[in-house]
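S.K.: Handing you a structure now.
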Amino acid sequence: MQFIQLLISGVAQGCIYGLIALGFVLIYKATEIVSFAQGELMMVGAFIGVAVMAYLGFPFWLAVIASMAAMALLGLLLERLVIRPVLGQPAFSIVMLTIGIGYLLRGLVTMIPGIGTETRTLDVPYKDATFHWGGLIVGAEQLVVIVATMLLCALLFTMFRYTRLGVAMQAASQNQLAAYYMGIPVQRINGMVWALAGMVAAIAGLLLAPITFVYANMGFIGLKAFPAAVVGGFGSLPGAIVGGLVIGVIESLSGFYLPEGFKDVAAYIVVLIMLMVRPNGLFGERLVKKV
């Protein structure tokens, strides 16, 4: 029973990692950019949810919609004003730019009086609720994370499989030049991908907030989501979720069964093993470039 309890906890945490890793993969597939600002986008989304509930009196469901809309707009602005002008520059420069965006967002949040310097809580309707099955006790926060992740994955699958926008995003991610010649507005699609990544980050932040707290440094969880994207395969959307689950479960089990300190490095040990055994990840494609 203790093992099952740890497994559920690891799956819930892994879903958060997977959602943040989805943002990594979405942006990478569309623009071949590794955005290290994804954790901070999650943090900003959580703060927006707290702010609209605390100061505007929004109910939780409306705060979720408002946070997603605000993060979609922020993603669009970042792509249009910051990322697009530097496309074509060396990859290292763009990666450093995304790291700078993360630090900038964190700094701007901490400058907001009464919000950024404090640890906040997100008042959700299911706070502190628990479910009992025999000797198993599961928090409602964990169940909501798991169910919400499953629903979001189903929605993303439907969008990419059956809508024109989703097909256009897939085409642009495969070959931007060919997609452009076929009449697909690649630049607009890239902006929409950043908007989608921002919305996913907002959902991850609002799901994580009831389990932990909302604070300026909560974006550092993105450093655990990056190994999830690597384990799953950096070009695979399902791989991002599976990689997150792998990291979350291993982290949960190692924190209980192994000596203290192993939990903090477990994700990176898994990444090292994966890079040695299967460098392209669990669902990654092997690409060969001829010159």
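S.K.: What helices does the chain hold that run 27 Å or longer along their axis, going by alpha-carbon atoms, with a Kyte-Doolittle average of -1.0 or more, using DSSP H for the helix calls?
M.R.: 2-31, 91-110, 140-162, 186-208, 237-257
S.K.: So, one more: Counting other C-beta atoms within 10 Å, and keeping those with at most 13, which DSSP coil chymotrypsin sites (Phe, Trp or Tyr not before Pro) do you find in region 115-173?
M.R.: Loop-located and lightly packed - Y126.
S.K.: Something else now. Positive end of the charge dipole of the chain (Lys, Arg +1 and Asp, Glu -1 on Cβ, about the Cα centre): tell me which of Y180, L81, L196 has its Cα farthest that way.
M.R.: Farthest along the dipole direction, towards plus: Y180.
S.K.: Highest GNM mean-square fluctuation, the chain, Cα pairs closer than 10 Å: which of L74, L151, L22?
M.R.: Answer for the Gaussian network model of the chain: L151.
S.K.: Accessible surface of Y28 in the full protein assembly, 1.4 angstrom probe, to the nearest 10 Å²?
M.R.: 80
S.K.: Would you give the gap between the C-alpha center of region 197-245 and the C-alpha center of region 115-136, rounded to a whole Å?
M.R.: Between the Cα centres of region 197-245 and region 115-136 lies a distance of 19 Å.
S.K.: Now for a separate question. When ranked by the protection proxy of mean other Cβ atoms within 10 Å per residue, highest first, what sequence do the peptides 173-185, 39-51 form?
M.R.: Highest-to-lowest ranking by the protection proxy: 39-51, 173-185.
S.K.: Roughly speaking, what % of Cα-Cα pairs in region 238-281 are separated by over 11 Å, rounded to a whole number?
M.R.: Every Cα pair in region 238-281 considered, those over 11 Å come to 65 percent.
S.K.: Further, regarding this structure: Taking a quarter of the surface of the convex hull around the Cα atoms of region 116-271, what do you get in nm²?
M.R.: Taking a quarter of the hull surface, the average projection is 12.1 nm².
S.K.: Now a separate question. With a 10 Å radius around each residue's Cβ, average the other Cβ atoms per peptide and rank 204-210, 135-141, highest first.
M.R.: Ranked from most to least packed, the peptides come out as 204-210, 135-141.
S.K.: Can you give the charge dipole size of the chain about its Cα centre, rounded to the nearest 20 debye, using +1 on the beta carbon of Lys and Arg and -1 on the beta carbon of Asp and Glu?
M.R.: It comes to approximately 900 debye.
S.K.: Now, a different point. Over the chain, how many percent of alpha carbon pairs lie in each 10 Å bin up to the one with the longest distance?
M.R.: The distribution over the chain is 7, 27, 36, 23, 7, 1, 0, given as percents.
S.K.: Could you sort R84, R106 by their accessible area in this structure, using a 1.4 Å probe and putting the largest first?
M.R.: R84, R106
S.K.: Still on this structure: Quote the FRET efficiency, to the nearest 0.05, computed for F220 versus M150 with a Förster distance R0 of 41 Å and r equal to the Cβ-Cβ distance.
M.R.: E(calc), rounded to 0.05, equals 0.95.
S.K.: Here's a follow-up. Hey, what's the Cα Rg ratio for region 21-122 versus the globular rule of thumb, 2.2 N^0.38 Å?
M.R.: Its radius of gyration relative to the 2.2 N^0.38 Å reference: 1.16.
S.K.: Take the alpha carbon atoms of region 138-184, find their center, do the same for region 53-74, and report the distance between the two centers in whole angstrom.
M.R.: Answer, in whole Å: 22.
S.K.: Under a GNM of the chain (C-alpha, springs under 10 Å), which listed residue has the highest mean-square fluctuation: S35, S93, S236?
M.R.: The residue with the greatest mean-square fluctuation here is S93.
The values are calculated or read from the model by the stated rules, or taken from the named source; none is laboratory data. Not measured: the values here are computed from a predicted model. Virtual Cβ from ideal backbone geometry, glycine too; neighbours counted across all protein chains shown. Just the protein is used for accessible areas: all its heavy atoms, side chains included, with ligands, DNA and RNA removed. Shrake-Rupley method; radii C 1.70, N 1.55, O 1.52, S 1.80 Å.
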